[in-house]
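Colleague: Pasting in a structure now, in structure tokens, and then I'll have a few things to ask.
The values are calculated or read from the model by the stated rules, or taken from the named source; none is laboratory data. Computed from a predicted structure; not experimentally measured. Cβ coordinates were reconstructed from backbone atoms using ideal geometry, including for glycine residues, and neighbour counts include every protein chain displayed. These area figures cover heavy atoms from the full protein model, side chains too; ligands, DNA and RNA do not enter into them. Shrake-Rupley method; radii C 1.70, N 1.55, O 1.52, S 1.80 Å.
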Amino acid sequence: TNFFVDNLHDNKDALKYLKDRGLEEKTIKEFRLGYARDEWRNLHDFLLKKEWSEKDMERVGLVKRSEGKVYDHFRGRIMFPLSDSAGRIVGFSGRIFGKEAENVGKYVNSPETEFFNKSKILYGYNLAKLDIRRKDFTVLVEGQMDLLMSHQAGVTNSVALSGTALTRDHLELLRRLSNRLI
């Protein structure tokens, strides 16, 4: 996450894009938004220097392997860290930034891993759970940008889906805090 955050602050165009979409610096920092450079092995090489094994990088969904070569899963994307209920980063959602290609998804999520299951994760849940309990209702929005703008506007009991349909696991997670969902 810190790697992507540092990349965002080094990329004036990506930072300007987020600010032009209405995000304030405080929100960008609070949600730890980042940027994955449009390079094939940028994160891979960084993690190798930190003594990560390629096997571990692949296991947590940060790199992919094809025809014996390893490359970064996220390239040329605004990065949204996805946290579990305790605030631990378990995956990422990356929005394409720059030239959009026809055969590339606008958003790409981390693959399912032992840590990340998108059917059980709600974006912003770790930051919203106290206000959900206090206000006794949840506001559910569609995506990351909707959630960021909601929190920025003071609707801090909101959470978002991350590229998946609403599941029973999502509802059970929310029901622990409140039975009311908007």
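Colleague: Accessible surface of W52 in the full protein assembly, 1.4 angstrom probe, to the nearest 10 Å²?
Modeller: Solvent-accessible area, nearest 10 Å²: 100 Å².
Colleague: For log10 I(q)/I(0) by the Debye sum over Cα atoms at q = 0.08 Å⁻¹, the choices are [x] -0.30; [y] -0.26; [z] -0.49; which was calculated from the structure?
Modeller: Matching entry in [x] -0.30; [y] -0.26; [z] -0.49: [y].
Colleague: Where is the GNM fluctuation largest for the chain (alpha-carbon springs, 10 angstrom cutoff): V155, V70, V104?
Modeller: Largest GNM mean-square fluctuation: V104.
Colleague: Provide the gained length on full extension for the span F137 to S53, in nm with one decimal, where the gain is 0.36 nm per separating residue minus the Cα-Cα distance. Walk me through the intermediate numbers first.
Modeller: Details: separation 84, 0.36 × 84 = 30.24 nm, distance 4.32 nm.
Going from the current span to full extension adds 25.9 nm.
Colleague: Quick one: Debye curve from the C-alpha atoms of the range 39-127, no solvent, what's log10 I(q)/I(0) at q = 0.15, 0.24, 0.26 Å⁻¹?
Modeller: Ignoring solvent entirely, the Cα scatterers give -0.61, -1.29, -1.35.
Colleague: A follow-up question, please. Looking at the range 1-103, which trypsin sites (Lys or Arg not before Pro) are DSSP coil and have at most 12 other C-beta atoms within 10 Å of their C-beta?
Modeller: Values: sites: K12, K16, K19, R21, K26, K29, R32, R37, R41, K49, K50, K55, R59, K64, R65, K69, R75, R77, R88, R95, K99; in loops: R21, R32, R37, R41, K50, R75, R88, K99.
The qualifying sites are R21, K50, R88, K99.
Colleague: Given the rule -39500 (n - 2.57) for each run of at least 4 DSSP H residues, summed and divided by the residues of the chain, what is its mean residue ellipticity at 222 nm, to the nearest 500 deg cm²/dmol? Numbers along the way, then the final one.
Modeller: Working: 8 runs with 66 residues, N = 182.
Using -39500 (n - 2.57) per qualifying helix, the result is -10000 deg cm²/dmol.
Colleague: Quick one: accessible surface of M145, probe radius 1.4 Å, all protein chains present, in square angstrom to the nearest 10.
Modeller: 20 Å²
Colleague: For labels at K120 and K64 in the simple 7 Å Cα→Cβ model, what's the distance in nm?
Modeller: The two pseudo-label positions are separated by 2.5 nm.
Colleague: For Y71 and D38, compute 0.36 nm times the residue count separating them, minus their Cα-Cα distance, and round to one decimal in nm.
Modeller: Length gained between Y71 and D38: 10.7 nm.
Colleague: Once you have the Kirkwood Rh of the range 81-182 from its Cα pairs, apply Stokes-Einstein at 10 °C and 1.306 mPa s and quote D in µm²/s.
Modeller: Values: Rh = 14.0 Å.
Once the numbers are plugged in, D ends up at 113 µm²/s.
Colleague: Right, next: Leaving ligands, DNA and RNA out of it, work out the accessible area of S85 with a 1.4 Å probe and give it in Å² to the nearest 10.
Modeller: 50 Å²
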